[in-house]
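Take a look at the structure below.
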Amino acid sequence: MLGILARGVAMGIAEIVPGISGSTIALITGIYDRMINALASFSAASATMLFRKGWRVFYAHHDIGFLCVLLVGMALSHLLLANVIRFLLDTTPLYVWGFFFGLVAATVIQIGSRVKPRILAVAGICGLFVGGIFAFLPAQTTELWLPLVFVGGILAVAAWMLPGISGSLVLVILGLYGPMLKALTSLDLIPLLTFGLGLVAGMVAFARFIRYLFRHYRDVILGFLTGLMAGSLIVLWPWRIGTDLLWPTGYAMGPPWVAVAGMMALGMVTVFMLVFASRRVD
C-alpha cells in the first residue's frame, strides 16, 4: 500500500498546478484502470448493498482500501505542499513551470508510445487542437460564489478523471483557482465542503461514462489525450509575459534560460523514474 500512497501524493501535487492532471500520474504509474473501476462501481445501489450485504461486501466491491489510501496520499500532498508550491510559484515561477513543463512533455512521450501510430496521428491532432483552445481561453477573476464552487467541483473532478485535462486548469478558467487555493491553505471549511460535494456529484455522474470510453475506445482516447496534453504545454511554457509566449533568449527577466531548461530535464527524468519505480513495485 505504500506504493499506492506515494502515487496518491504525486497525484495530489500534480493537481495543485494548472496544466497537469492527477489522472495522468495514475496512468503512467499503472493504477488508472483500477482507480476508474473503483470510482465507477459507486451507484444508487451502493447504499442498498451496504445495508443488505454488509460492510465486507461493500468494502471489497468498491475497492475501498485502495481508494482510501490513494485519497489520503492526495490529501497529504494538498495539506503539506499547497503552501510550498504557492510560495515557489510566487518566488521562483520559471523554475517551477520549467519543471512541470518537463513532466508533461515526458508524459506525452510515455503515453503516446502506447498508441498505434495511425490512431495517434488522427486522434492526437484533434486533442492538440482542443488543448490549444483550452490554453488560450482567458482566465476569469471572481470571488467564491458557492453555487459556482459546486459547479467547479463537478467540472474539476470530470477533468481529473481524464488524463491530460487538469482540474486546476478548469478552476483557472472559471476564476476559482486562486480563491480555492487560498481556501485550502487557510482551511476555510464552507467553500471546501461545497467543492467536495461537487466532486462527489461529478464522480458519480462521469466515472461510468469514462470507464466505458476506455474499455471500448482505449487507443483513440489515449491518442486524443496525448494531443490534449501536448496542447496544454502552452499553459506551462515558462517564458511568457501575460499571454504572450517568448523565446528563452528574448526573456530578459529571471534566471538564465539554461537553468530553466535544466529544470525541464529534471521534470522529464522524474516521469521516467516514476514509471520505472511503479513497474518495480508492481
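Counting only C-alpha contacts under 8 Å and six or more residues apart, can you give the relative contact order of the range 2-281 as a whole percent?
33 percent.
Decide, for the range 199-263, between rounded, prolate and oblate: order the square roots of the alpha carbon gyration tensor eigenvalues as a ≥ b ≥ c, take rounded if a/c falls under 1.5, and otherwise choose prolate if a/b is larger than b/c, else oblate.
Details: a/c = 3.72, a/b = 2.55, b/c = 1.45.
Prolate.
How long is the gain from residue 64 to residue 201 if the chain were fully straight, where each residue apart is worth 0.36 nm and the alpha carbon distance is subtracted?
Between residue 64 and residue 201, full extension yields 47.5 nm more.
Based on the Kirkwood radius over alpha-carbon pairs, what value in µm²/s does the Stokes-Einstein equation return for the translational diffusion coefficient of the range 73-205 at 20 °C and 1.002 mPa s?
130
Picking from 10, 30, 59, whose Cα lies most toward the positive end of the charge dipole for the range 1-123 (charges on Cβ: Lys, Arg +1; Asp, Glu -1)?
59
Bin width 10 Å, alpha-carbon pairs only: give the P(r) of the chain as whole percents, running from 0 to the bin holding the largest distance.
7, 27, 37, 22, 6, 1, 0
Between residue 241 and residue 189, how many nm apart are label points set 7 Å from Cα along the C-beta direction?
Each label point is offset 7 Å from its Cα along the Cβ direction, giving 4.7 nm.
If I histogram all Cα-Cα distances within the range 50-93 using bins 5 Å wide from 0, what percent of pairs lands in each bin?
Each 5 Å bin holds this share of Cα pairs: 5, 20, 14, 13, 12, 10, 8, 7, 6, 4, 2.
In deg cm²/dmol and to the nearest 500, what is the mean residue ellipticity at 222 nm of the chain if only DSSP H runs of at least 4 residues count, each as -39500 (n - 2.57), divided by the residue total?
-25500 deg cm²/dmol, from helical runs alone.
Mean Kyte-Doolittle of at least -0.5 plus a Cα span of 24 Å or more along the axis: flag which DSSP H helices in the chain meet both, please.
Counting only whole DSSP H runs, the qualifying helices are 64-91, 93-112, 117-136, 189-216, 218-236, 257-281.
For residue 240, list long-range residues whose amide hydrogen, built 1.01 Å from N in the peptide plane, is under 5 Å from its own amide hydrogen.
246
Going 7 Å from the Cα of residue 48 toward and past its Cβ, which residues in the range 193-237 have a backbone nitrogen under 14 Å from where you end up?
Zone members listed by number: none at all.
Under the rule a/c < 1.5 gives rounded, and otherwise a/b versus b/c splits prolate from oblate, where does the range 62-123 land using the Cα gyration tensor? Working shown, then result.
On the way: a/c = 4.44, a/b = 1.22, b/c = 3.65.
It comes out oblate by the Cα gyration axes.
Quick one: putting +1 on the C-beta of Lys and Arg, -1 on the C-beta of Asp and Glu, what dipole do you get for the chain around its Cα centre, in Debye to the nearest 20?
Charge dipole of the chain: 940 debye, to the nearest 20.
Describe numerically, in nm with one decimal, the distance between label points set 7 Å from Cα along Cα→Cβ at residue 34 and at residue 208.
2.4
Give the calculated FRET efficiency between residue 79 and residue 122 to the nearest 0.05, with a Förster radius of 45 Å applied to their Cβ-Cβ distance.
Calculated transfer efficiency: 0.60.
FYI, it's all coordinate maths here, none of it is from the lab. The structure displayed is predicted, hence computed values, not measured ones. Positions of Cβ are backbone-derived with ideal geometry, glycine not excepted, and every protein chain shown enters the neighbour counts.
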